[in-house]
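Reading through the structure tokens given below for one structure.
The values are calculated or read from the model by the stated rules, or taken from the named source; none is laboratory data. Note that the structure is a prediction, hence the values are computed from the model and not measured. Quick reminder, even Gly has a Cβ in these numbers, built from the backbone with ideal geometry, and neighbours come from all protein chains shown. Protein only, heavy atoms only, side chains kept; ligands, DNA and RNA dropped before computing areas. Shrake-Rupley method; radii C 1.70, N 1.55, O 1.52, S 1.80 Å.
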Amino acid sequence: MPEIINEILEIISTASNEEIVARLSDYHPKDIADALQTLSKEDRERIYSLFDTAFIAEIMSFYDDVEELSKEERDMIASIPFNEENYMKAIGV
């Protein structure tokens, strides 16, 4: 596995949610997508819940062999709460 993927997985497994948002923002969405594809569905959903839908859509655009989401899964993603003010604070903007 490429070192950059290992770095991202290390961040995801050890950092707080706020740190994950701040630190993953420094990586290219393709690298994040490659790392997330190695995680369980539950772990991916936890990470998705930390970011806004535009960033998640950008990450997902790099997925290989993507399975079509069910209506239930699409509804679940759409219902994830997102607070732009908290997000901006977490990334230092």
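See the values below:
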| read-out | value |
| --- | --- |
| Residue in segment 1-18 that is at pLDDT below 90 and within 13 Å of the chain's Cα centre (by Cα) present | no |
| Matching residues, segment 1-54, being of a type in the set (A, V, I, L, M, F, W, C), outside any loop (DSSP other than H, G, I, E, B) and either open to solvent by 50 Å² or more (accessible area, probe 1.4 Å) or free of Cβ contacts under 8 Å to residues at least 12 places away in the same chain (or both) | Ile4, Ala54 |
| Neighbours by Cβ (under 8 Å, 6+ apart or cross-chain): first from segment 56-76, open to solvent by less than 80 Å² (accessible area, probe 1.4 Å); second modelled with pLDDT under 85 and assigned to a helix (DSSP H, G or I) | Ile56/Ile77; Leu69/Ile77 |
